[in-house]
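The values are calculated or read from the model by the stated rules, or taken from the named source; none is laboratory data. Computed from a predicted model, the values in this text were never measured in an experiment. SASA here: full protein model, heavy atoms, side chains in, ligands and nucleic acids out. Shrake-Rupley method; radii C 1.70, N 1.55, O 1.52, S 1.80 Å.
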Amino acid sequence: MPEMNATVDPAEVARFDALGAEWWNEKGKMAPLHAMNPARLSFLRDALVRHFGHDARALRPLKGLSILDIGCGGGLLSEPLARMGGEVTGIDPAPGNVEIARAHAASTGVSVAYEAITAEELAERGTRFDVVVALEVVEHVADVALFVRTAGRLVAEGGVLVLSTLNRTAKSFALAIVGAEYVLRWLPPGTHHWDKFITPEELEATLAAAGFSAREKVGLAYEPFSGDFRLTEDLGVNYFMVAAREA
């Protein structure tokens, strides 16, 4: 396979491409992402407002920022970011995902530029964005180091790269795989592979090799009684990392 597509895992693409309309079914196979979204969006809004000096109280606090959502799926993250004022581009290597995302955005009147393309192909065009976001993507790529380098190439001068993924701990195995896939049946068995999870230390080292330094690290925890997710200092399962290019 040519290096341009070296981060793409065909089996992972096929798995998500098969979801179809399930992307926007809040009680379906993507229910965990819908449950995560309020906390994810709150974190992104606050982190980006801090970095770019925007007004957090504004109706559209991300106005004027060009944002790339890598692995956009059906658009669960892209659409809310656009509603917050971002000029959002969503890319995904699965054409079916992009079709669903375009159709949903059209039905809700939200402006997002979607394209079925890999990050490598987009980087070859020389396109750059103020914000590059890849949430719940790192654990599904074939080559993490190459993916991070490629995502970094897409960040404009003064911009930020925001990643979220799963830590490789006993806790994440128990909750994200055994709990989510086999006990609660949130996800089909085999959705995640524990050996592809990456620790914060490993991700920081990978970012450093790509010329980026981590500025913020925050965990995401599930609250079983409320069914919600909340931000936490515990990075033991899901976590976010915000990185900027080193001077």
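For Lys63, Lys29, give me the order by solvent-accessible area with a 1.4 Å probe, most accessible first, ignoring ligands, DNA and RNA.
Final ranking, largest accessible area leading: Lys63, Lys29.
Once the convex hull of the C-alpha atoms of segment 13-129 is built, how many Å³ does it hold per residue, rounded to a whole number?
Value for segment 13-129: 103 Å³ per residue.
Considering only protein heavy atoms, with the full assembly of protein chains and a 1.4 angstrom probe, order Thr127, Thr199 by accessible area, largest first.
Sorted by accessible area, descending: Thr127, Thr199.
What do you reckon, how do Thr108, Thr206 stack up by accessible area (1.4 Å probe), largest on top? Each step should come with its number before you reach the end.
Values: Thr108 60, Thr206 30 Å².
Sorted descending by solvent-accessible area, the residues read Thr108, Thr206.
With every protein chain present, what accessible area does Glu87 have (1.4 Å probe, heavy atoms only), rounded to the nearest 10 Å²?
So the heavy atoms of Glu87 present about 110 Å² to solvent.
Of all alpha-carbon pairs in segment 95-162, indicate the percentage at a distance above 18 angstrom.
Working: 1064 of 2278 pairs.
Everything past 18 Å amounts to 47 percent.
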